[in-house]
Amino acid sequence: MNILVCVKRVPLTGGKINLTPDEQAIQTRHLGFTISPHEECGAEEAIRLVEQHGGSSTVLTLGPPEAEEQLRDMMAIGIDRGIHLLTDGTEWDPQATAAAIVEAIRGDEQAYDLILFGNESADAGNYQVAIRVAHALGLPCVNGIKAISVDGDRVRCEQEVAGGRDVYVVAVPAVVTVKEGINLPRYPSVPGRLRAKRKPVAVSTPARPESRLEMVRLVLPEGSSKQAEVLGRGAEAAPSVVQVLQEIGVV
Amino acid sequence: MILVFVEDPTDELSQQAVAFARGMEEEIEAVTIDEGAEYAPATWARTLVARIEQRSPSAVMAPGTDRGNEVLAHVGAMLGQPMAANCVSVTPGDPASVLRVRWGGSLLEEAAVHGAPLLLSTAAHVVAAGPIGDVETLPVTADASELDQMVRVVERVPATTAGVSLTDADVVVSGGRGVGSAEGFAVIEELAELLGGAVGCSRAVTSAGWRPHSDQVGQTGTKISPEIYIACGISGATQHMAGCKGAKRLLAINPDGEASIFASADYAVIGDLHEVVPAISAEIRRARGG
C-alpha cells in the first residue's frame with residue numbers, strides 16, 4: 001500500500017500572535033515551525049498503515065525552502081521519501097495549492113493507494129484542498145476521519161459525530177482527511193533523524209497562478225484583553241474561589 | 001438571490017447561517033436535503049449544484065460546521081469556484097470582500113473572492129440565530145455520479161460515553177503541562193467530580209500521553225462552552241484558547257503571573273495547582289458541611 005501524506009509548514013504561535021508591519025504574515029522572527037496537528041497524525045497513520053500492510057510512504061509539502069525541515073521531521077519518524085513543491089513563501093490559495101499537488105501526483109512515478117491530508121490547516125483553515133485534489137483526480141474523498149482500517153482494496157473510515165461514529169467504506173485509491181486523535185504520533189529518535197538526512201526529496205518549482213481567494217491582509221481580532229480579578233495566591237485563595245463558584249451557582 | 005444550505009433546520013449553527021444571509025438584504029432561499037438521505041457529501045453538493053444552475057444565485061452560503069464546509073467545498077470543486085470558509089462578514093462586489101477566521105479565531109483574514117457565485121460558510125456565533133423561516137427540502141439529485149455516491153455513511157456506531165461530556169458540561173476543570181504527569185490529574189478529577197463537571201486538558205497533555213485526545217480542549221480538540229472553565233497549569237497557547245473561548249467565565253490557576261492565559265481570564269489565582277486545587281476541593285467539602 002503506497003501512501004502520500006500532504007503537510008503544511010506553520011509557525012508555533014504560542015500565546016500571542018504578532019503581525020509583520022505590512023499585515024501580510026505572522027511575525028515569526030522568534031518562533032519555531034511545525035506542521036498542522038491533524039497532519040502530524042496523518043503522517044503517523046501513513047507510517048502505521050505501511051507497517052501493517054507493506055508498501056511505502058511519501059510526504060509532500062508546498063512551501064518555502066525552509067519547509068524541508070518539516071519534510072525531514074516526518075522522514076525522521078518513518079516516512080520514506082519527500083516531495084517538495086518549492087515556493088517563495090508567499091501564500092497560495094486553496095485552488096492553486098490543489099492544482100500543484102494534482103500535477104505532482106500525476107507526474108510522480110509512484111502511484112498512490114491512499115492520499116492523506118489533515119482535515120484543515122492550522123493557519124488558513126480553508127477546509128477544501130483535499131476535496132479539490134480528489135475531484136481533479138476522480139477519486140472519492142472522506143473527511144474528518146478518526147479511524148482507518150484497510151481490508152484488501154476497501155478502506156473503512158470512522159468519523160466522530162454527535163452521538164457516535166459514522167462509518168464510510170470506500171475503494172482505493174482514495175483521498176482521506178484525518179483529525180487529531182486518530183493516533184498518538186511518535187517522536188523522532190536520534191537514529192531516525194540521522195536516517196532522515198539521507199532519504200530522497202524530489203524538488204520542483206510549480207508556477208503560482210493568480211489567487212482567486214486572495215488574502216488582502218491579516219487582522220488581529222479586537223483585544224478581548226480582560227483584567228482578571230486576582231482571587232489570591234496559592235492555597236489561601238481557596239475560600240475566594242469557592243465564593244465565586246457559589247455566586248455562579250455551581251457549588 | 002442567496003441560496004443557503006441548511007445542514008439541519010433544528011441546529012443553531014444552520015439557523016445562524018440563515019440569519020447571516022438575511023443580513024445581506026437580498027432574497028434568500030433556504031434548502032436542506034431530504035432527511036431520509038444518508039449523508040453523502042458529494043451527492044449533496046451535486047444536488048445543490050443542480051439548484052444553483054436552475055436559480056443562478058449571487059451567493060451560496062452554508063454553516064461553518066464540518067459538514068457545511070465539506071459540502072460547500074465539493075460545490076466549489078464542482079463549479080471550479082473559490083470558497084471562503086468561516087466568514088464573519090461579507091461585502092458583496094466583484095471581487096467580494098470577506099473577513100474570515102484563521103487559527104481557530106486567534107486571527108482574522110481580509111480576503112477578496114474572485115468568482116461567482118460567491119461561496120462562503122459562516123463562522124459560528126457571529127450572528128444570533130433567528131427564526132429559520134421556510135426551508136425547502138430537496139430530494140437528492142439523479143445527477144450524482146457513481147463516484148459521488150461512493151462516499152456515504154453506511155453505518156452509525158452509537159457512542160459509549162460515561163459521565164459528563166466535555167461539550168455539555170457546565171463546569172470544565174482542565175489541566176495543562178503544569179500538572180506534570182498522568183497521576184497528577186487525580187486532583188483535577190477530584191475537583192471536577194465535586195463540581196459535577198468534566199475533565200479537560202491541553203494539547204501538551206495529550207501529546208505526552210497523560211490523557212486521551214477525547215479530553216483535549218482546543219483548536220484541534222473539543223470546543224467547549226461551560227458556565228465556568230477552570231484552567232490549571234495551562235499557559236494559554238492560541239491552540240488551546242480557540243477551544244475554550246466559548247466559556248462564559250474563565251478561572252486560571254498558574255504559578256506564572258505573566259502567563260498569557262491571564263489575559264483571557266475573568267479570575268486569577270497565582271500559584272501551584274498542586275496546592276491550590278486540593279485546597280479548593282477541601283473548601284467545597286467544608287462549605288457543604290462534609
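Can you list residues whose amide H is under 5 Å from residue A:15's amide H, if they're 5+ apart or on another chain and H is modeled 1.01 Å from N?
Under 5 Å from the amide H of residue A:15 lie the amide H atoms of B:238, each far enough along the sequence or on another chain.
Placing unit charges on C-beta atoms (Lys and Arg positive, Asp and Glu negative, everything else neutral), compute the dipole magnitude of the protein assembly as shown about its Cα centre in debye, rounded to 20. Walk me through the numbers before you get to the answer.
Working: 44 positive and 70 negative charges, 278 e Å.
Roughly 1340 debye, rounded to the nearest 20.
Have a look at the protein assembly as shown and give its Rg and Dmax from the Cα atoms, expressed in angstrom.
Using the Cα atoms of the protein assembly as shown, the pair Rg, Dmax is 23.5, 73 Å.
Quick one: B:87, B:232, fewest Cβ neighbours within 10 Å first, how do they rank?
Details: B:87 24, B:232 29.
With the fewest neighbours first, B:87, B:232 line up as B:87, B:232.
Provide the per-residue ³J(HN,Hα) series for segment B:52-64, in order, calculated from phi with Karplus coefficients 6.51, -1.76, 1.60 and θ = phi - 60°, each as a whole number of Hz, with x at glycine and proline positions.
Ordered by residue, 3J(HN,Hα) equals 4, 5, 5, 9, 6, x, 7, 8, 10, 10, 9, x, x Hz.
Build a GNM of chain A with springs between Cα atoms under 10 Å: which of A:230, A:190, A:167 gets the top mean-square fluctuation?
Looking only at A:230, A:190, A:167, the largest GNM fluctuation is found for A:230.
Amide H to amide H under 5 Å from residue B:250: which residues, 5+ apart in sequence or cross-chain, H placed 1.01 Å off N in plane?
B:229, B:266, B:267
Could I have the simple spin-label model distance between residue B:288 and residue A:103, label points 7 Å from Cα toward Cβ, reported in nm to one decimal?
Calculated label separation equals 6.4 nm.
What does the charge add up to near residue A:55, with Lys and Arg as +1, Asp and Glu as -1, over the other residues with Cβ less than 11 Å from its Cβ?
On the way: positive: none; negative: A:51, A:80, A:113.
It works out to a net charge of -3.
To two decimal places, what compactness ratio does segment B:2-150 give when its Cα radius of gyration is scaled by 2.2 N^0.38 Å?
Numbers: Rg = 14.2 Å, N = 149, 2.2 N^0.38 = 14.7 Å.
Computed over Cα atoms of segment B:2-150, the ratio equals 0.96.
Do any trypsin sites (Lys or Arg not before Pro) in segment B:233-290 lie in a loop, going by DSSP, with at most 16 other beta-carbon atoms within 10 Å of their beta carbon, and if so which?
Working: sites: B:245, B:248, B:249, B:285, B:286, B:288; in loops: B:245, B:248, B:288.
Of the trypsin sites (Lys or Arg not before Pro), the ones in loops of segment B:233-290 whose Cβ has at most 16 other Cβ atoms within 10 Å are B:248, B:288.
Quick one: if you stick a label point 7 Å off each Cα along the C-beta vector at residue A:201 and residue B:55, how many nm between them?
Computed distance between label sites residue A:201 and residue B:55 equals 4.9 nm.
Under the definition of partner shielding as Cβ atoms of other protein chains within 10 Å of a residue Cβ, what is the mean value for peptide A:155-162? Numbers along the way, then the final one.
Details: counts 0, 2, 1, 2, 4, 4, 7, 4.
Across A:155-162, the average partner-chain Cβ count within 10 Å equals 3.
Within 10 Å of each Cβ in B:36-43, how many Cβ atoms from other chains are there, averaged over the peptide?
Numbers: counts 0, 0, 1, 4, 1, 6, 5, 0.
Mean shielding count: 2.
Read phi for every residue in segment B:240-246 and hand back ³J(HN,Hα) as whole Hz from Karplus 6.51 cos²θ - 1.76 cosθ + 1.60, θ = phi - 60°, with x for Gly and Pro.
Calculated HN-Hα couplings, in order: 6, 5, 4, x, 10, 5, x Hz.
Specify which residue in the list A:242, A:228, A:200 is farthest towards the positive end of the charge dipole of segment A:185-251, using unit charges on the beta carbon of Lys, Arg (+1) and Asp, Glu (-1), about the Cα centre.
So the residue furthest toward the plus end is A:200.
Among B:85, B:182, B:62, determine the one that fluctuates most according to a GNM of chain B built with springs between C-alpha atoms less than 10 Å apart.
Result: B:182 has the largest fluctuation of those listed.
Considering only DSSP beta bridges whose two residues both sit in the protein assembly as shown, what percent are antiparallel, to the nearest 5?
Numbers: 39 of 107 bridges.
DSSP beta bridges in the protein assembly as shown are roughly 35 percent antiparallel.
Report, in listed order, any pair from A:16/B:245; A:146/B:245; A:179/B:245; A:179/B:223; A:226/B:223 with a Cα-Cα distance greater than 18 Å.
Working: A:16/B:245 15 Å; A:146/B:245 24 Å; A:179/B:245 21 Å; A:179/B:223 14 Å; A:226/B:223 21 Å.
Too far apart for the 18 Å limit: A:146/B:245; A:179/B:245; A:226/B:223.
Report, in deg cm²/dmol and to the nearest 500, the calculated mean residue ellipticity at 222 nm for chain A, where each DSSP H run with n ≥ 4 adds -39500 (n - 2.57) and the sum is divided by the residue count. Numbers along the way, then the final one.
On the way: 6 runs with 69 residues, N = 251.
It comes out at -8500 deg cm²/dmol, rounded to the nearest 500.
Could you tally the net charge around residue A:167, taking each other residue with its Cβ under 9 Å from the Cβ of residue A:167, Lys/Arg +1 and Asp/Glu -1?
Numbers: positive: A:156, A:165, B:156; negative: A:158, A:166, B:155.
So the surrounding residues net to 0.
Which one, A:175, B:6, B:153, projects farthest toward the positive side of the charge dipole computed for the protein assembly as shown from Cβ point charges (K/R +1, D/E -1)?
About the Cα centre, the residue reaching furthest to the positive side is A:175.
Can you quote the Å³ per residue value for the convex hull of the Cα atoms in segment A:3-248, rounded to an integer? Please list the in-between numbers first.
Values: hull volume 47.6 nm³, N = 246.
Considering the Cα atoms of segment A:3-248, their hull volume per residue is 193 Å³.
Which FRET efficiency, nearest 0.05, do residue A:236 and residue A:69 yield, Cβ-Cβ r, R0 60 Å?
Values: r = 47 Å, r/R0 = 0.78.
It comes out at approximately 0.80.
Quick one: grab the alpha carbon gyration tensor of chain B, order the square roots of its eigenvalues as a ≥ b ≥ c, and give me rounded if a/c is under 1.5, else prolate or oblate depending on whether a/b is larger than b/c. Could you put the intermediate results ahead of the total?
Details: a/c = 2.56, a/b = 2.05, b/c = 1.25.
Prolate shape, in that a/c is at least 1.5 and a/b is the bigger ratio.
Other chains near A:130-136: what is the mean number of their Cβ atoms within 10 Å of each residue's Cβ? Display every interim value, and only then the final one.
Details: counts 3, 14, 6, 1, 6, 10, 1.
What the average comes to for A:130-136 is 6.
Please report the net charge: other residues with Cβ closer than 15 Å to the Cβ of residue A:245, K and R +1, D and E -1. Don't skip to the end; give the middle numbers.
Working: positive: B:248, B:249, B:285, B:286, B:288; negative: A:229, A:247, B:170, B:190, B:193, B:227, B:266, B:283.
The answer is -3.
So which GluC sites (Glu not before Pro) in segment A:69-168 end up in coil per DSSP with only 16 or fewer other C-beta atoms within 10 Å?
Numbers: sites: A:69, A:91, A:103, A:109, A:120, A:158, A:160; in loops: A:91, A:109, A:120.
The qualifying sites are A:109.
Given Cα positions, please report Rg to Rh for segment B:171-287, the hydrodynamic radius being the Kirkwood one. Walk me through the intermediate numbers first.
On the way: Rg = 12.5 Å, Rh = 13.6 Å.
That ratio equals 0.92.
Name the most mobile residue of A:37, A:185, A:65, meaning the one with the largest mean-square fluctuation, in a Gaussian network model of chain A with Cα contacts below 10 Å.
A:65
At R0 = 41 Å, how high is the FRET efficiency between residue A:216 and residue B:12 if r is their beta carbon distance? Nearest 0.05 is fine.
Numbers: r = 30 Å, r/R0 = 0.74.
Efficiency, rounded to the nearest 0.05: 0.85.
Using only DSSP helix segments of four residues or longer, with each worth -39500 (n - 2.57), what per-residue ellipticity at 222 nm results for chain B after dividing by its residue count and rounding to 500?
Values: 8 runs with 81 residues, N = 290.
Per the formula, -8000 deg cm²/dmol.
Which stretch or stretches of segment A:46-67 have amide N atoms under 19 Å from the point lying 7 Å from residue A:25's Cα along the Cα→Cβ direction?
A:61-67
Could you check the spin-label model distance between residue B:116 and residue B:129? Points 7 Å from the Cα along Cα→Cβ, value in nm.
3.4 nm
Coordinate-derived values only; no laboratory data. As the structure is a computational prediction, the values presented were derived from the model and not from experiment. So basically every Cβ, Gly included, is an ideal-geometry build from the backbone, and we count neighbours across all protein chains shown.
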